[in-house]
1. Just checking, does the stretch 70-85 include any residue being more than 16 Å from the chain's Cα centre (by Cα), part of a loop (DSSP other than H, G, I, E, B) and away from the ligand (no atom under 13 Å from the Cβ)?
2. Tally up the residues in the stretch 72-83 that are closer than 25 Å to residue 24 by Cβ and either at pLDDT below 95 or in contact with a Ser or Thr (Cβ under 7 Å, 6 or more places away or on another chain) (or both), please.
3. Considering only the stretch 46-62, state which residues are surrounded by 14 or more Cβ atoms within 10 Å (Cβ to Cβ) and more than 9 Å from the ligand (Cβ to nearest atom).
4. List every residue pair whose Cβ atoms lie under 9 Å apart, where the two residues are 6 or more positions apart in sequence or sit on different chains, the first residue falls within the stretch 77-91 and is more than 16 Å from residue 170 (Cα to Cα), and the second residue, located anywhere, is among the basic types (Lys, Arg) and more than 9 Å from the ligand (Cβ to nearest atom).
5. Between residues in the stretch 9-23 that are touching a residue at least 24 places away in the same chain (Cβ under 8 Å) and residues that are of a type in the set (Ser, Thr, Tyr), which pairs lie under 6 Å by C-beta distance while being six or more apart or on different chains?
6. Of these, 95, 122, which one is out of contact with any helix residue (DSSP H, G or I) (no Cβ under 7 Å at 6 or more places or on another chain) and closer than 22 Å to residue 176 by Cα?
7. Quick one: which residue in 21, 13 is loosely packed, with under 10 Cβ neighbours inside 10 Å and within 29 Å of residue 204 (Cβ to Cβ)?
Amino acid sequence: MRALDVFAGELPSFEPHTAPSDPEPLFVDWLFEAVDVGVREPHAMTLSTVDPEGNPDARVLILKNVDADGWQFAVHAASPKGRDLAAHGRAALTFYWPQLARQVRVRGPVTAEPAERSAADFLARSPEARAEALLGFQSRPLTDLAARDAATAASLERVEREPGLVTPEWTLYSLRAEQVEFWQGDQQRNHTRLQYARQGKVWAKQLLWP
Ligand SMILES: Cc1cc2nc3c(=O)[nH]c(=O)nc-3n(C[C@H](O)[C@H](O)[C@H](O)COP(=O)(O)O)c2cc1C
């Protein structure tokens, strides 16, 4: 492992004194820069949750949107992450854009959006993604791959017959950030970290030691 390069090549600089007063526009700038340099799935993030016994878990998920309501993502309520969020309504999101050596960390409480918004998100998904979610089997043991293929094919036929079908367990969540940290890596290890902490209606900015 020690022979592998870390933060090789040219990296962008980050001037924290030019950072906006709110973290969302800076996040959107960084996301677009990740798109521009060709990061694969730049809107993929690690969603960390805690189960009722306090055990943490983490997995990669697609971010749907960031707006005044928060950072939105959708889960099947019957999946392990769906159960974690229902039991313990706090989460963390972590983005990593390797080509830029940038990381963003977001933490805060989550709220399930009203059923109409979850349904709209569900219907905006591809037929294949809807077919998979309609099964509601995510993360359950699977005996063989043929069983998966047969069930998803049958579910896809159902989606094609009934395009308005929505599973009520599909849940759009908004995470209301309380803390957002921007981390810019540097080859000399002079990494730059800027943390935003929500204080009532405003954000306080704080540099952190790398
Ligand atoms: C790039 C990438 C994107 C993913 N996007 C999603 C997603 O949007 N929704 C989802 O349920 N799982 C997604 N997954 C799969 C999850 O990481 C995970 O395996 C699945 O949601 C089951 O997680 P759970 O058992 O903790 O509920 C994605 C995986 C990768 C690598």
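The values are calculated or read from the model by the stated rules, or taken from the named source; none is laboratory data. Not measured: the values here are computed from a predicted model. So basically every Cβ, Gly included, is an ideal-geometry build from the backbone, and we count neighbours across all protein chains shown.
1. Among the residues of the stretch 70-85, not one is more than 16 Å from the chain's Cα centre (by Cα), part of a loop (DSSP other than H, G, I, E, B) and away from the ligand (no atom under 13 Å from the Cβ), which makes the answer no.
2. 4
3. Within the stretch 46-62, 48, 50, 51 meet the criteria.
4. These pairs meet every condition: 90/107; 91/107.
5. Taking only residues 6 or more apart or on different chains, the pairs are 14/192; 23/196.
6. 95
7. Values: 21 fails: loosely packed, with under 10 Cβ neighbours inside 10 Å.
Within the list 21, 13, the selection yields 13.
Residue by residue, here is whether (1) within 28 Å of residue 205 (Cβ to Cβ); (2) surrounded by 15 or more Cβ atoms within 10 Å (Cβ to Cβ) holds:
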position: 29; (1), (2): yes, no
position: 70; (1), (2): yes, yes
position: 85; (1), (2): no, yes
position: 101; (1), (2): yes, yes
